[in-house]
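Remarks on the structure that follows.
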Amino acid sequence: MSRRGLLRSAGTAAVGLGLGGLRPAEAGATPADPVLRTESMMGVPYQARDRVRVGLVGCGRRGHDHLGDLLGIENVEVRAVCDVVPAHAASAQALCLRRKAPRPEAYTNGERHYEALVARDDLDLVYIPSPWRWHVPMAVAAMEAGKHVALEIPAALTIEDCWKLVEVSERTRRHCTMLENCNYGYEEMLVRRMVQAGLLGELLHAECAYDHDLRRIVFENESEGLWRRAEHVGRNGNLYPTHGLGPVAWYLGIHAGDRFDHMVSMSSPEAGLTAHRKATVPAGDPRWQEKYDCGDVNTSLIKTALGRTIVLQHNVTNPRPYDRINLIAGTKGIFRGYPQRIFFDGERPPHKWQSLKKWQSRYEDPLWTKLKKAANKSGHGGMDYVMSWRLVDCMRRGLAPDMDVYDAVAWSAPGPLSEASVAAGSAPVKFPDFTRGRWKGARA
Ligand SMILES: NC(=O)c1ccc[n+]([C@@H]2O[C@H](COP(=O)([O-])OP(=O)(O)OC[C@H]3O[C@@H](n4cnc5c(N)ncnc54)[C@H](O)[C@@H]3O)[C@@H](O)[C@H]2O)c1
């Protein structure tokens, strides 16, 4: 069953019937009727296929993680890899050979050589773990060339680019799913099932974050150090909203009965990167020319159409333990992650958190029950593998993806919207309705 179907059958607030009972065209099929070209991609199933042929654009750290996972999934063939740094693509090819998979063809001839990769006629899906500024041009090129896309986070950095992804996905009938691995975390999937079963009652409030000390990484002379620190120059807001927001969007049934309506945002002063540079970068280094504009702690408050509230935080520049908060609260109880704890109304002793452990056997997600052994060898506690396995499974069985282009852009939009709110003295800013009214619950 698709995730949308699950959400509906679990009784998540679902209203209206946008498609009037029509079965949407299969994604990947060429629509005979040109009118279909502007129809929604919500709930549109992939065309079923025996195997999934993948191209990989961006063979850096994350690209290698994805490649390792994809090589461990049955009926996946990695046909082509692309990177501006030939050694990165060669390393990806070598990984394939070590894993006894065929050597994919490499595209390393400059920063637009991905255009040749996406033009191949033997690819179904293009994975895009590239620097943020490349996400949209690469995803658009892949969809225009008839390929489905699996795009790293955040999907886009501006509202204009969010709309571009929606428009191209709808027109080309190709899915643009975002690789938000945190939605597939063991705990997140377990809690989602408990929420769907109504254990927390009527949902009212969520809190989430990406709090991860990245100071060392963004100052490295390789990988993200080459481009991610630059995002802190000229931008001030939440630069990485989706890790925290994706899972709570699933709890709250965003685009399955609710949607983000508006938000306000505030940033603390910037101090973390400046202090780290002072402590670690020698005088005269070009990095001393940089002026960091992004406040260390950005806090946003989102209001949904149903009136629920979400606190969303971002902090990657101060010393602190990793935290995504992952809090969901309703009329019957509350869950909070980091570390996991749950409380139900009437629980004894009162005011004391309980462990989630006793709910594990009953509410563990079947994906985790099935994949636990294989997933535990993969990155980020196994959620990366579960995410890719599930995407491939949806494509093979002809299901709609769990996360569509509307989720990708709505979860990414707090990036530019937080910047706009911070710049306007924390004024409220509206989320566009990227679904054009189809968030109310009518899904295939
Ligand atoms: N979901 C997660 O848990 C997670 C974790 C890490 C990174 N990421 C995301 O993955 C993406 C990549 O991050 P990373 O850590 O691998 O960075 P990275 O710098 O290690 O890798 C990016 C790669 O893209 C290549 N590249 C740059 N421009 C290119 C172009 N025009 N054509 C082809 N290749 C190009 C670079 O040479 C590099 O090899 C980012 O979007 C990041 O936010 C997600």
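The values are calculated or read from the model by the stated rules, or taken from the named source; none is laboratory data. Values in this document were obtained by computation on a predicted structure and should not be read as measured data. So basically every Cβ, Gly included, is an ideal-geometry build from the backbone, and we count neighbours across all protein chains shown.
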(message) Out of everything in segment 180-198 that is closer than 30 Å to Gly272 by Cα and assigned to a loop (DSSP other than H, G, I, E, B), what residue ends up being farthest from the chain's Cα centre (by Cα)?
(response) Gly185
(message) For the structure I just gave you, tell me whether Ala150 is part of a helix (DSSP H, G or I), in contact with a strand residue (DSSP E or B) (Cβ under 7 Å, 6 or more places away or on another chain), within 24 Å of Gly398 (Cα to Cα) and not basic (Lys, Arg).
(response) no
(message) Just checking: which of the helices (runs of 4 or more DSSP H) contained wholly in segment 383-444 hold 2 or more residues that are aliphatic (A, V, I, L, M), touching a Pro at 6+ places or on another chain (Cβ under 9 Å) and modelled with pLDDT of 95 or more?
(response) 383-397, 405-412
(request) Could you tell me whether any residue of segment 199-213 is at pLDDT 95 or above and assigned to a helix (DSSP H, G or I)? (result) no
(request) Assess whether Tyr338 counts as being free of Cβ contacts under 8 Å to residues at least 60 places away in the same chain and more than 23 Å from Pro428 (Cβ to Cβ). (result) yes
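Yes/no per residue for (1) under 30 Å from Asp124 (Cα atoms); (2) within 16 Å of the ligand (Cβ to nearest atom):
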| site | (1), (2) |
| --- | --- |
| Glu160 | yes, no |
| Ser169 | yes, no |
| Tyr184 | yes, yes |
| Glu188 | yes, yes |
| Val191 | no, no |
| Ala197 | no, no |
| Gly201 | no, no |
| Cys208 | no, yes |
(request) Out of the residues in segment 214-243 that are of a type in the set (Lys, Arg) and part of a loop (DSSP other than H, G, I, E, B), state the one that is nearest to the ligand (Cβ to nearest atom). (result) Arg228
(request) Identify, from the list Ser355, Ser361, the residue that is of a type in the set (Gly, Ala, Ser), more than 16 Å from the ligand (Cβ to nearest atom) and out of contact with any strand residue (DSSP E or B) (no Cβ under 9 Å at 6 or more places or on another chain). (result) Ser361
(request) Any residue in segment 37-60 that's within 13 Å of Arg173 (Cβ to Cβ) and in the same structural domain as Pro137 (by TED's automatic domain parsing): show its pairings with residues that are polar (S, T, N, Q) and at pLDDT 95 or above at Cβ separation under 6 Å, as long as the two are six or more apart or on different chains. (result) Met41/Ser169
(request) Would you mind stating whether Lys303 is surrounded by fewer than 22 Cβ atoms within 10 Å (Cβ to Cβ), out of contact with any Pro (no Cβ under 7 Å at 6 or more places or on another chain), charged (D, E, K, R) and part of a strand (DSSP E or B)? (result) yes
(request) Go through (1) surrounded by 19 or more Cβ atoms within 10 Å (Cβ to Cβ); (2) in a helix (DSSP H, G or I) one by one and return the number of the condition Lys164 breaks. (result) (1)
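I'm checking my understanding of the structure. Among residues of segment 389-416 that are farther than 30 Å from Met266 by Cα, in contact (Cβ under 8 Å) with a residue 40 or more places away in the chain and not hydrophobic (A, V, I, L, M, F, W, C), which one is farthest from the ligand (Cβ to nearest atom)?
Going through the qualifying residues, I end up with Gly398.
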(message) Which numbered condition in (1) within 15 Å of the ligand (Cβ to nearest atom); (2) of a type in the set (Val, Ile, Thr); (3) out of contact with any helix residue (DSSP H, G or I) (no Cβ under 8 Å at 6 or more places or on another chain) is the only one that Val248 fails?
(response) (1)
(message) Here is a list: Gln354, Gln340. Which entry is of a type outside the set (Ser, Thr, Tyr) and in contact with an Asp or Glu (Cβ under 6 Å, 6 or more places away or on another chain)?
(response) Gln340
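Could you count how many residues in segment 357-388 are under 21 Å from Gln196 (Cβ atoms), surrounded by 15 or more Cβ atoms within 10 Å (Cβ to Cβ) and touching a residue at least 40 places away in the same chain (Cβ under 8 Å)? Break it down into steps so the answer makes sense when it comes.
Going residue by residue through segment 357-388, those that are under 21 Å from Gln196 (Cβ atoms) are 357-372, 383, 386-387.
From what is left, the residues that are surrounded by 15 or more Cβ atoms within 10 Å (Cβ to Cβ) are 359, 363-365, 367-368, 371, 383, 386-387.
Still in the running and touching a residue at least 40 places away in the same chain (Cβ under 8 Å): 359, 363-365, 367-368, 383, 386-387.
Within segment 357-388, residues that are under 21 Å from Gln196 (Cβ atoms), surrounded by 15 or more Cβ atoms within 10 Å (Cβ to Cβ) and touching a residue at least 40 places away in the same chain (Cβ under 8 Å) number 9.
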(request) Check off (1) assigned to a loop (DSSP other than H, G, I, E, B); (2) free of Cβ contacts under 8 Å to residues at least 24 places away in the same chain for Trp288 and give me the number that stays unchecked. (result) (1)
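Can you give me the ranges of the helices (runs of 4 or more DSSP H) entirely in segment 54-136 with at least 3 residues that are within 12 Å of the ligand (Cβ to nearest atom) and surrounded by fewer than 24 Cβ atoms within 10 Å (Cβ to Cβ)? Can you show your working first?
On the way: elements: 61-71, 86-98, 114-119.
Here the list reads 61-71, 86-98.
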